[in-house]
Amino acid sequence: MSILKGKRRFYLISTMLMGAAAPVGAGIAYAQEAADDTGLTEIVVTAERRAESSQKVPLAIQSISGETLAKTGYTSVTDLQYTMPGVQYDPTQGAAFQIRGVGSTSFDFSNAKSVSVVVDDVVMDGQRANGLTGLVDIERVDVLMGPQGTLFGKNATSGVIAVTTGKPKIGDTSAKASASFGEHEERILNGTVNIPLGPIAALRVSGFDQAFDGFGRNVTLNRKVGSQHEYGGRAKLYLEPSDSFNLMLSGDYAYHWDSSVRTPVSGQPAAVTAILKELGVFPGPESADTADSSFGQITTEEWGTSLRLNAKLGDLDLTSITAYRRTRYDNATPASLVPVDRYAYIPFNNGYLDTEKVSQEVHLASPTGGFVEWLVGGFYNDLRARQVQLQWGTLGTPLYTNGVPARTLFALTGAIGVNANASRFDAQNETMAAFGQLKFNISDRLSLTLGGRYTHDNNSQGLDFITVDPVPIAGYTPIFVGSSAAPAIDYGKVSGNNFSYRIAPQFQVTDNVMLYASYSTGYKPAGIAFVGNKYAPYRDETVKAWEAGIKSEWFGRRLRVNLDIFRSDFKDFQATILTKIPDGNGGLLDATVIGNAGGLRTQGVEGNVAVQPVRGLTLSGALSYTDAKFTDYVYNATTDYTGSRLTNSPKWSGTAAIDYETAFDSGFGVRAHADYAYRSEYWTVVGQPAYSNVPSYGLVNTRLTFALPSKKVEFGVYARNLFDTYFSTGWQNYGALGLLHYTSPNARRTVGGFVNVSF
């Protein structure tokens, strides 16, 4: 049956990709909107802090335009993983991106991200946040693969996801809006307006509101599980009083709410499994239901402002970027699975995280075209985080017996002998850096790029125990019993210095064919962690990376073919470790904490192709092979993960896409689009492929757009995950509750319609 289903799916996909008149196409990674008669649209990036063709940059880059991204139907920055091979997002263990299999997945607040999300040149490094919610008014997204630090303010050992949003336009009065409505009560509303403010200024404002219902349910509370609602906006004020000076003042706000919680898969106690089945919840790899007495939900608020100044100093370009950001992240994710008057585990699991950061970046660049091109810069970043975490549980006995609440609760976030029931973490990550790059144009064909970065980091964290009023949370005042002894050391600080560098020769074989190679190093600072109330600092992480590739365009830029090979060797990689901590009841709990793996290697091949065989038709595809393994990972001399593949790292991932566009003599136009994203199997818990395996899967999205002759109104239909392909986003072994997992809203088919207007 599964073979027939696979054949049918292959046939349908093949038919879509081969039918020239069929409603297919999409601009997945590297794929751009249909080009004109001059060939494929040029991809302009600022990967080296200068606007230049992506084909001229000696670095593997995946790019997607805002228009192309809109065609996919995805709504969140985390969905970028389905548009770019080699990019993955892990929603568990701290929530972070991975590139080429490598990324940070840790709850520790002093841990820096391996992949930096940079929005309009501002690093979004707040814990449990990505700095961008709602993909409205996006100009483009560029993913820079491998270590980045010699040109970007924040060092990144795996890569950078650089998002550029729409810029105000002087003298232009315009507005555009879009509304989509689909199954599962999905709505996606967004709009952008550009207002000129005299001859030297303009204001651009955008906003969005999007929501959908989940496909799981809490049978006890009769509520949907996995629902989501987001809204927010962005405003930019641009002033250009002269040709030699301009400034941009930006502000943004975003709100996110979801009811995505862990649901049971297997391994629950027999009594819990019996209760679940009695209530109509059947644990399994595709189950999205729960029967918990409490409703799990997460809310996030992000807001910030930035000021960007650009000035011409003779032939030199001076840029200053000042930013301030705040994040509030609240989670209430109970873990009992069934009504708490029959069984309870951790019925109260709440966290309240606030982050605040300021940053300053400045760089000075020479003009281009000379024998030497250079850029120098400095960066300062101060990120502070405070979280209050409480976990109160019975660890297996009912919370209520005959309507009477349990007199005693185990405070897993408390300490033995301390009159407190919650943990409070205070962390500060401070970075100061100087960076620069030299490019020697040895001849018209040959150039050599040398980059360097010196970084000084101060990371600190403290752990206190406090008392949170239990009445608003639990409804009564129990006696709390701590789980572990108070730490002998409750505050720590680590400092580090590092010099990273990059060497990248490139040779322009012809005007449209370029060969390049690069060797670069990267660094992440050491940090502080508290494991089961024990002080557990970890070492800094370094990487050495090699890359070589070819970028080429052929037949009057109607065919683009790029290929690269890469390898990165990490030392003291900051990895997650599955360990056990006391539960306060004489037993042990599984906990995922951060520590150092001695060695890690990721290597592979990446390629992409785009072709415009005839006017209005663009085909594209990208494929990535990644072999990411631990080369040295022994924990406690009893567990050896050496040779294990990295989590959330499929060996194969790829995309395929087609865009077709035509217009009739009447002015009526039609655009057709489809995309396919594939990833091979992977697992989500280190060293545990048996129970955390995610089978291979592929997703197909389609969109058919009709444009009225005025070109000001468009309408159409869309289908996301056309073949209703299910997949899970994460698995966790949660102590006595057994194997749990998360589900993704993209793991179901959603069909709907939309209308776009502009004037």
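The values are calculated or read from the model by the stated rules, or taken from the named source; none is laboratory data. Quantities reported herein were computed from a predicted structural model and do not represent experimental measurements. Quick reminder, even Gly has a Cβ in these numbers, built from the backbone with ideal geometry, and neighbours come from all protein chains shown.
Within the range 138-152, the residues that satisfy the criterion of being closer than 26 Å to TRP546 by Cβ and of a type outside the set (S, T, N, Q) are VAL141, ASP142, VAL143, LEU144, MET145, GLY146, PRO147, GLY149, LEU151, PHE152.
For the range 411-451, how many residues are touching a His at 6+ places or on another chain (Cβ under 6 Å) and either over 21 Å from LEU151 (Cβ atoms) or of a type in the set (Lys, Arg) (or both)? Number of matching residues: 0.
Report whether or not VAL119 is closer than 19 Å to SER206 by Cα, surrounded by 24 or more Cβ atoms within 10 Å (Cβ to Cβ) and modelled with pLDDT of 85 or more. Judged against the criteria, VAL119 is a match.
In the range 239-277, the residue that is nearest to ALA288 (Cα to Cα) out of those that are in a helix (DSSP H, G or I) and either of a type in the set (Gly, Ala, Ser) or in contact (Cβ under 8 Å) with a residue 12 or more places away in the chain (or both) is LEU276.
State all residues of the range 355-367 that are of a type in the set (Ser, Thr, Tyr) and surrounded by fewer than 21 Cβ atoms within 10 Å (Cβ to Cβ); if no residue qualifies, say none.
The answer is SER366, and nothing else.
Return a yes/no flag: does the range 277-286 have any residue that is at pLDDT 95 or above, under 25 Å from THR684 (Cβ atoms) and over 33 Å from the mean Cα position of the chain (by Cα). No: zero hits. If we scan the range 493-500, do we find a residue that is touching a residue at least 24 places away in the same chain (Cβ under 8 Å), surrounded by 16 or more Cβ atoms within 10 Å (Cβ to Cβ), charged (D, E, K, R) and touching a strand residue (DSSP E or B) at 6+ places or on another chain (Cβ under 8 Å)? Checked against the condition, which is being touching a residue at least 24 places away in the same chain (Cβ under 8 Å), surrounded by 16 or more Cβ atoms within 10 Å (Cβ to Cβ), charged (D, E, K, R) and touching a strand residue (DSSP E or B) at 6+ places or on another chain (Cβ under 8 Å), the range 493-500 yields no hits at all. Residues of the range 368-380 that are under 26 Å from ASN459 (Cβ atoms), of a type outside the set (Gly, Ala, Ser) and crowded, with 21+ Cβ neighbours inside 10 Å: PHE379 alone. Considering the range 142-231, the qualifying strands (runs of 3 or more DSSP E), each wholly inside and each with 1 or more residues that are surrounded by fewer than 23 Cβ atoms within 10 Å (Cβ to Cβ) and among the hydrophobic types (A, V, I, L, M, F, W, C), run over 174-182, 186-196, 201-212. Quick one: in the range 440-464, which of the residues that are among the acidic types (Asp, Glu) and surrounded by fewer than 21 Cβ atoms within 10 Å (Cβ to Cβ) is farthest from SER520 (Cα to Cα)? Selected residue: ASP464. Residues of the range 680-693 that are buried (at least 21 other Cβ atoms within 10 Å of the Cβ) and either among the aliphatic types (A, V, I, L, M) or in contact with a helix residue (DSSP H, G or I) (Cβ under 6 Å, 6 or more places away or on another chain) (or both): VAL685, VAL686. When SER227, SER260, SER250 are checked against the criterion of being among the polar types (S, T, N, Q), touching a Gly at 6+ places or on another chain (Cβ under 9 Å) and closer than 30 Å to LYS312 by Cβ, a single residue qualifies: SER250. The range 512-592 holds strands (runs of 3 or more DSSP E) entirely within its bounds, and those carrying 2 or more residues that are of a type outside the set (Asp, Glu), at pLDDT below 90 and touching a strand residue (DSSP E or B) at 6+ places or on another chain (Cβ under 7 Å) map to 559-582.
Of the residues that make up the range 465-487, is at least one of a type in the set (S, T, N, Q), surrounded by fewer than 16 Cβ atoms within 10 Å (Cβ to Cβ) and under 32 Å from the mean Cα position of the chain (by Cα)? Within the range 465-487, none of the residues are of a type in the set (S, T, N, Q), surrounded by fewer than 16 Cβ atoms within 10 Å (Cβ to Cβ) and under 32 Å from the mean Cα position of the chain (by Cα). Close Cβ contacts (under 6 Å, 6 or more residues apart or on different chains) running from residues in the range 725-740 that are closer than 22 Å to PRO339 by Cβ and touching a residue at least 60 places away in the same chain (Cβ under 8 Å) to residues that are part of a loop (DSSP other than H, G, I, E, B) and of a type outside the set (D, E, K, R) comprise LEU737/TYR345; GLY738/GLY267; GLY738/GLN268; LEU739/GLY267; LEU739/TYR691; LEU740/TYR734.
Looking only at the range 10-25, decide whether some residue is in a loop (DSSP other than H, G, I, E, B), buried (at least 24 other Cβ atoms within 10 Å of the Cβ) and at pLDDT below 65. Yes, that holds for at least one residue.
Picking from residues in the range 84-115 that are polar (S, T, N, Q) and modelled with pLDDT of 85 or more, the one that is surrounded by the most Cβ atoms within 10 Å (Cβ to Cβ) is GLN88.
Every residue in the range 645-679 that is in a loop (DSSP other than H, G, I, E, B) and surrounded by 17 or more Cβ atoms within 10 Å (Cβ to Cβ), please. Passing the criteria: LEU646, THR647, ASN648, SER649, PRO650, LYS651.
Among the residues of the range 622-644, those that are over 25 Å from PRO147 (Cα atoms) and not in a strand (DSSP E or B) comprise ASN636, ALA637, THR638. With respect to the conditions (1) touching a residue at least 12 places away in the same chain (Cβ under 8 Å); (2) surrounded by fewer than 20 Cβ atoms within 10 Å (Cβ to Cβ); (3) of a type outside the set (A, V, I, L, M), PHE282 lacks only one, and its number is (1).
Within the range 453-486, the only residue that satisfies the criterion of being closer than 30 Å to PHE499 by Cα and either β-branched (Val, Ile, Thr) or not in a strand (DSSP E or B) (or both) is THR455. In this structure, TYR352 does not satisfy being in contact with a helix residue (DSSP H, G or I) (Cβ under 8 Å, 6 or more places away or on another chain) and buried (at least 17 other Cβ atoms within 10 Å of the Cβ). Within the range 663-695, the set of residues being touching a Leu at 6+ places or on another chain (Cβ under 9 Å) and within 30 Å of ALA707 (Cα to Cα) comprises GLY667, PHE668, GLY669, VAL670, ARG671, ALA672, HIS673, ALA674, ASP675, TYR676, ALA677.
When GLN508 is tested against (1) under 30 Å from VAL418 (Cβ atoms); (2) touching a Lys or Arg at 6+ places or on another chain (Cβ under 7 Å); (3) of a type outside the set (Gly, Ala, Ser), only condition (1) is not met. There is no residue in the range 606-621 that is surrounded by fewer than 23 Cβ atoms within 10 Å (Cβ to Cβ), under 20 Å from the mean Cα position of the chain (by Cα) and either without any contact (Cβ under 8 Å) to a residue 12 or more places away in the chain or part of a strand (DSSP E or B) (or both).
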